[in-house]
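Encoded as structure tokens, the structure appears first; notes follow it.
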Amino acid sequence: MKTPYIKIDISKIQHNARTIVNQCKEYGVSVTGVTKGTLGMPEVAQAMIRGGVEWIGESRLDNIEGLRKSNIHVPILLMRSPHMSEIERVVSVADYSLNSEYEVIRALSEASLKKGTIHKIIIMVDLGDLREGVWPDELIPLVKEIISMRGIQIVGLGTNLTDLNGTIPTYENNKQLVDLVEEVEDKFMIKLQYLSGGNSSSFKLLSSGKLPDRINHFRIGEGILLGRETVGRELWHGTYQDAFTLCAEIIEKKSKPSLPVGEIGQDAFGNTPTIEDRGIMTRAILNMGRQDTNIDGLIPSQSKIKVIGATSDHTLVDMTQIPDKNIGDIVSFDLNYAALLTSMTSPFVRKVIL
Ligand SMILES: *Cc1c(COP(=O)(O)O)cnc(C)c1O
């Protein structure tokens, strides 16, 4: 089989989705399955849907179009704020989007009026992670300006924690979202259906039983794909961590010193390496590199193998403790989210669905 390739165990993704959907359901939370870590792969979306997610979440319009072409008909939530240059496309392909800018929301409203539809939006509030969202004291003024727009409907409020700066979801920041929803409902005499409290970082808060009552929606990617929560990367109870396996092939295997010979300057990526002397070692070169994955996110399936480093097209591994692997043999890796994202995006990595 042509290498490198990423093996995708669809049944494990379905199992993970089912496990997480059921856990969330106990606390009255519905789940949007987020496919952006897999380049919006339709088979992954279908596995999530079989596992019980109600919507699919995606960050890229191209990926959403691919999902629609593959006959995925559940509601789709655009996760990244819509961009002005493609507003018409947003209202054509996405049922819902996350929003925080007046100009964008006005353009969405005009585009859906032209199409004769109503686009549903969730307004994002920044509760401290400093990625997207309106600051809490700007929420009421924003709603006041957009409430009468006829092409959009505000269906909820959401917040995104942990993603950029690692802000941990707590009862307090989630309760703040509930309070804001109630303020909007009282002031504008509307009912907001969705309180979208979080992503895979909300697992611990959920399982501690301290999630405020009205929070009823999560957007979950990494938890379903890799079976981890994202505050401390702990295992998400009852899920698989190895639904994805990246496989590459040994193209050189030699006994060489661990220390380079000669004076040391910068490597190909501008870093000055510091290297420990471990004597003579068995070094193997694999036929993948930084064009194919995020090297720091590789976890060798056999723990006796260690990743030494990588260039654009080569990954070096220490095989001293695995003498029986030879030229042409496969070395495989579990992945963290960054490695998953880059491997799924690289055109050089074949996607093999099990
Ligand atoms: C990517 C993304 C998510 C999913 O995050 P995970 O940590 O993978 O669960 C949720 N919400 C938004 C806004 C996102 O962009």
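Among residues of the range 340-350 being in a helix (DSSP H, G or I) and touching a strand residue (DSSP E or B) at 6+ places or on another chain (Cβ under 6 Å), the one that is farthest from the ligand (Cβ to nearest atom) is Ser343. Of all residues in the range 155-180 being among the β-branched types (Val, Ile, Thr) and within 16 Å of the ligand (Cβ to nearest atom), which is surrounded by the most Cβ atoms within 10 Å (Cβ to Cβ)? Looking at residues that are among the β-branched types (Val, Ile, Thr) and within 16 Å of the ligand (Cβ to nearest atom), I get Thr159. Out of Ile56, Ile152, Ile121, Ile72, one residue alone is open to solvent by less than 10 Å² (accessible area, probe 1.4 Å), closer than 23 Å to Phe218 by Cα and away from the ligand (no atom under 16 Å from the Cβ). It is Ile72. One residue stands out in the range 40-53 among those that are within 24 Å of His83 (Cβ to Cβ) and not in a helix (DSSP H, G or I): the one that is least open to solvent (accessible area, probe 1.4 Å), namely Gly40.
Does the range 283-307 hold any residues that are crowded, with 16+ Cβ neighbours inside 10 Å and in a loop (DSSP other than H, G, I, E, B), and which are they? Within the range 283-307, Asn287, Met288, Gly289, Arg290, Asp292, Thr293, Asn294, Ile305 meet the criteria. Number of residues in the range 45-71 that are touching a strand residue (DSSP E or B) at 6+ places or on another chain (Cβ under 7 Å), touching a residue at least 60 places away in the same chain (Cβ under 8 Å) and closer than 21 Å to Lys7 by Cβ: the value is 1.
Would you be able to say whether some residue in the range 143-153 is touching a residue at least 24 places away in the same chain (Cβ under 8 Å), outside any helix (DSSP H, G or I) and within 21 Å of the chain's Cα centre (by Cα)? The answer is no, given that none of the residues of the range 143-153 is touching a residue at least 24 places away in the same chain (Cβ under 8 Å), outside any helix (DSSP H, G or I) and within 21 Å of the chain's Cα centre (by Cα).
Restricting the range 206-240 to residues that are more than 9 Å from the ligand (Cβ to nearest atom) and among the small types (Gly, Ala, Ser), the residue that is farthest from Gly133 (Cα to Cα) is Gly238. Considering every residue within the range 211-226, establish whether at least one is of a type outside the set (Val, Ile, Thr), modelled with pLDDT under 95 and not in a loop (DSSP other than H, G, I, E, B). The answer is no; no qualifying residue exists. The residues in the range 228-244 that are in a loop (DSSP other than H, G, I, E, B) and open to solvent by 10 Å² or more (accessible area, probe 1.4 Å) can be counted, and the count is 11. Among the residues of the range 90-110, those that are within 17 Å of Glu145 (Cβ to Cβ) and either of a type in the set (Val, Ile, Thr) or outside the structural domain of Val34 (by TED's automatic domain parsing) (or both) comprise Val104, Ile105. If the condition is being surrounded by fewer than 20 Cβ atoms within 10 Å (Cβ to Cβ) and under 16 Å from Ile20 (Cα atoms), then the range 206-227 contributes Ser207, Ser208, Gly209, Asn216. If you go through the range 41-53 one residue at a time, how many are within 15 Å of the ligand (Cβ to nearest atom) and farther than 23 Å from Ser202 by Cβ? Looking only at that region, the number is 1. For the range 95-102, check the following and say yes or no: at least one residue is assigned to a helix (DSSP H, G or I) and more than 12 Å from the ligand (Cβ to nearest atom). Yes, the range 95-102 has at least one match. In the range 16-39, of all residues being part of a helix (DSSP H, G or I) and among the aliphatic types (A, V, I, L, M), the one that is surrounded by the fewest Cβ atoms within 10 Å (Cβ to Cβ) corresponds to Val21. Within the range 255-266, is even one residue more than 30 Å from Thr35 (Cα to Cα), open to solvent by 20 Å² or more (accessible area, probe 1.4 Å), without any contact (Cβ under 8 Å) to a residue 12 or more places away in the chain and polar (S, T, N, Q)? Yes, the range 255-266 has at least one match.
Which ones in the range 181-205 are within 16 Å of the ligand (Cβ to nearest atom), open to solvent by less than 10 Å² (accessible area, probe 1.4 Å) and assigned to a helix (DSSP H, G or I)? Scanning the range 181-205 gives Ser200, Ser201, Ser202.
May I ask you to list the residues in the range 308-328 that are open to solvent by 50 Å² or more (accessible area, probe 1.4 Å) and either more than 22 Å from Ile280 (Cα to Cα) or not in a loop (DSSP other than H, G, I, E, B) (or both)? Within the range 308-328, Ile308, Asp313 qualify.
The values are calculated or read from the model by the stated rules, or taken from the named source; none is laboratory data. Given the structure is predicted, the values throughout are model-derived calculations rather than measurements. Backbone-built Cβ (ideal geometry, glycine too); neighbour counts: all protein chains shown. For accessibility, only protein heavy atoms count, side chains too; no ligands or nucleic acids. Shrake-Rupley method; radii C 1.70, N 1.55, O 1.52, S 1.80 Å.
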